[in-house]
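In what follows, a structure is listed as structure tokens, so that the remarks can point back to it.
The values are calculated or read from the model by the stated rules, or taken from the named source; none is laboratory data. From a predicted model like this one, the values you see are computed outputs, not experimental measurements. Cβ sites come from the backbone with ideal geometry, for glycine too, and all protein chains shown count toward neighbours. Just the protein is used for accessible areas: all its heavy atoms, side chains included, with ligands, DNA and RNA removed. Shrake-Rupley method; radii C 1.70, N 1.55, O 1.52, S 1.80 Å.
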Amino acid sequence: LLRFYYSNNYTLDKSIFSNMSSRFIVKGAIYFPGIGKNHSISIAATYKKEPHTNIYYYVDELEHARGFVPVYYDEESVVRTNYQLPLVYPDAGFAGIIYLQRIRLNLFMDYGRMKNKNTSILNPVLTEQSTGAECLFDVNIFNVLPLSLGVRYAAILKPENYKKTLLRPWQIYIAGSF
């Protein structure tokens, strides 16, 4: 039985004082079952338009291509694909402080394209492409706070097109709902 789930949302932010700032975001995602039990495939896309002429800049909610330092452009679009699977369920804890529920693997491929209306800058159009893997440790802190601790490696496709300061191939991160 093939089942899937999708989600989408859009946001339009405007300044209350005339046209000082504006932003438009559209997000969508679709999820499919993977090859094995508890495997999943997801495809997510995001489009953001926020002019650099804004007097006020909103918090950046765009999930950029993994492995890159976020660079802000007038228009940004990103497509992210993921294949997630559990590796092991250790179900182990230590003194009620930390509980390790699961270790999982996420294989990904990202594509991002950014455009600036200001063509006087060096790169009016920038393309980001990466592929890689994440190892995630799903834990509970004090049996109350669920977190995912992750280690990520992103292989940058065509790295010669970027300054080394814009690349972040190895990352350690914490994901959770606070």
If you roll a 1.4 Å probe over segment 127-178 with all protein chains in place, what percent of the accessible area is carbon or sulfur? 65
Give the range of the longest stretch in the chain that excludes all trypsin sites (Lys or Arg not before Pro) found in loop regions by DSSP and having at most 16 other beta-carbon atoms within 10 Å. 38-116
On each of the three principal axes the extent of the alpha-carbon atoms of segment 17-107, given in whole Å and largest first, is 55, 36, 23
Given N residues in segment 62-109, what is Rg(Cα) / (2.2 N^0.38 Å)? 1.76
Rounded to the nearest percent, how much of the accessible area of segment 31-107 (1.4 Å probe, protein heavy atoms only) is carbon and sulfur? 64
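If contacts are Cα pairs under 8 angstrom and at least 6 residues apart, what is the relative contact order of the chain in percent?
Normalised by residue count, the contact order of the chain is 16 percent.
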From the C-alpha gyration tensor of segment 81-178, pull out the three semi-axes of the equivalent ellipsoid (sqrt of 5λ each), sorted largest to smallest, in whole Å. 36, 14, 11
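How many Å² of accessible area per residue for the chain, probe 1.4 Å?
64
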Would you list which lysines come within 22 Å of Lys164, measuring only between C-alpha atoms, while excluding same-chain residues fewer than 8 positions from it? Lys115
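Please express the shape of the chain as an equivalent ellipsoid: the semi-axes are the square roots of 5 times the eigenvalues of the C-alpha gyration tensor, given largest first in whole angstrom.
Details: eigenvalues 219, 78, 62 Å².
Whole-Å semi-axes of the equivalent ellipsoid: 33, 20, 18.
So, with +1 on the Cβ of K and R and -1 on the Cβ of D and E, and no other charges, what is the size of the charge dipole of the chain about its Cα centre, to the nearest 20 debye? Mind dumping the intermediate values first?
Working: 19 positive and 14 negative charges, 52 e Å.
In debye, rounded to 20, the chain gives about 240.
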